Amino acid sequence: MIPAGATAVAMNVTSVLASQAGFFTVWPCGTPMPVASNVNFTRGSVVANGVVTSLGTTGAVCLYSDQQSDVLVDVLGWFGGGVKPPFTGVVPSRLVDTRNAVGGPTGVVTPALPKSVPVRGVTVSVNGIAQQVPADAAAVALNVTMVEARAAGYATVWPCGTPMPEASNVNFGRGGAVANGVVAPLGAGGAICIYSDQAADVLVDVLGWFGGGAQPAFVGAVPLRLVDTRNGVGGPIGMMTPATQRSVPVRNVTVNVNGVARQVPADASAVALNVTMVTARAAGFATVWPCGTPQPEASNVNFRSGATVANGVVAPIGADGSICVATSADAHLLVDIAGWFAGGADAG
């Protein structure tokens with residue numbers, strides 16, 4: 001049961017068989033609906049996205065769709081409150097829209113022109129009160145949308161001031177709009193950087209931030225690829241099938257945190273991931289859950305035949321230190337780690 005003191009929640013929101021192309025917006029009930037999108041979908045599709053959002057005063061989140069669509073909502077965990085909460089959720093606020101000069105000049109992001117997005121010091125709405133993202137914010141929850149790409153490709157999000165990693169956060173086709181939830185550490189200057197391997201417009205909505213300090217509840221890392229079944233990273237080469245679920249060790253993995261090599265500790269309780277399904281042989285879905293527990297009736301990534309689809313996932317870690325992934329259709333699997341949640345923190 002999610003406790004009364006919970007102030008924010010991690011969810012997976014899935015649009016199913018929409019009547020037309022459109023978008024979902026998720027926000028804390030009791031506040032005005034923001035100009036932001038969390039899930040972008042096409043007609044008749046099944047599209048999921050990871051969402052981290054604050055709860056309204058009644059403990060609820062609201063969803064709006066600009067087109068008729070069924071919706072699935074899977075809760076992945078929650079964050080508690082207190083004087084200094086581990087996560088501060090905000091009414092989604094648009095930081096960047098390259099189509100109309102929000103957060104900088106108009107013009108697409110290209111491989112030669114990555115986008116730097118300042119986050120610390122930005123003014124947002126927290127429970128209806130204007131507040132700046134503080135100087136000690138260590139990581140941020142975002143929704144990143146790539147719009148009208150000139151060709152199929154991918155975008156990478158990472159802390160500015162560090163080398164760009166070999167990882168992807170948003171995988172997109174030519175044209176249209178594709179969004180993904182991203183949890184990213186902030187660079188030393190308080191900004192995140194976005195690279196696109198194809199020319200595309202980009203939208204960035206901030207959903208909240210994680211505080212720092214001596215014992216932060218969330219430790220963000222430069223994204224690191226844990227699994228790539230195309231080339232044998234993290235295990236054997238070969239597509240996943242419904243009969244071959246994958247166990248992915250997380251605890252004790254070495255990652256880059258602010259330029260320092262650190263291991264995911266033994267008391268880490270949950271992990272932030274980006275999970276990508278590549279060149280699936282049929283339409284289907286993937287489920288992520290803590291190893292050692294029964295596979296839940298939930299989906300984290302929904303994909304169609306031949307597609308490459310990514311989704312941000314916040315997943316508890318199993319007792320053996322691993323997360324498990326299953327797929328309903330044959331597909332290659334990529335798993336990138338973006339950070340971990342400390343054990344004993346006020347989060348579930």
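The values are calculated or read from the model by the stated rules, or taken from the named source; none is laboratory data. Treat the numbers as computed from the prediction; the structure is a model and nothing was measured. No Cβ is skipped: glycine too gets one built from the backbone with ideal geometry, and neighbour counts run over all protein chains shown. Ligands, DNA and RNA are excluded from the accessible area calculation, which covers all protein heavy atoms including side chains. Shrake-Rupley method; radii C 1.70, N 1.55, O 1.52, S 1.80 Å.
Ignoring any ligand, DNA or RNA, what whole percent of the accessible area of the range 71-163 comes from carbon and sulfur when the probe is 1.4 angstrom?
60 percent
Of the listed peptides 40-53, 125-138, 290-303, what is their order by residue-averaged count of other C-beta atoms within 10 Å, with the highest listed first?
40-53, 290-303, 125-138
Indicate the gyration tensor shape class of the chain (rounded, prolate or oblate), computed on the Cα atoms with a ≥ b ≥ c the square roots of the eigenvalues: a/c under 1.5 is rounded; otherwise a/b larger than b/c is prolate and the rest oblate.
The shape class here is rounded.
Give a residue-ordered list of calculated ³J(HN,Hα) values for the range 282-292 (Karplus: 6.51 cos²θ - 1.76 cosθ + 1.60, θ = phi - 60°; whole Hz; x for Gly, Pro).
7, 5, x, 8, 10, 10, 10, 7, x, 4, x
Rolling a 1.4 Å sphere over the protein heavy atoms, what is the accessible area per residue of the chain, to the nearest Å²?
Counting only protein heavy atoms, the per-residue value for the chain is 40 Å².
Amide H neighbours of MET240 under 5 Å, at least 5 residues apart or on other chains, H built in the peptide plane: list them.
ALA331, HIS332, LEU333
Under the rule a/c < 1.5 gives rounded, and otherwise a/b versus b/c splits prolate from oblate, where does the range 182-292 land using the Cα gyration tensor?
It comes out oblate by the Cα gyration axes.
At ALA261 and ALA135, where each label point lies 7 Å from the Cα along Cα→Cβ, what is the point-to-point distance in nanometres?
3.3 nm
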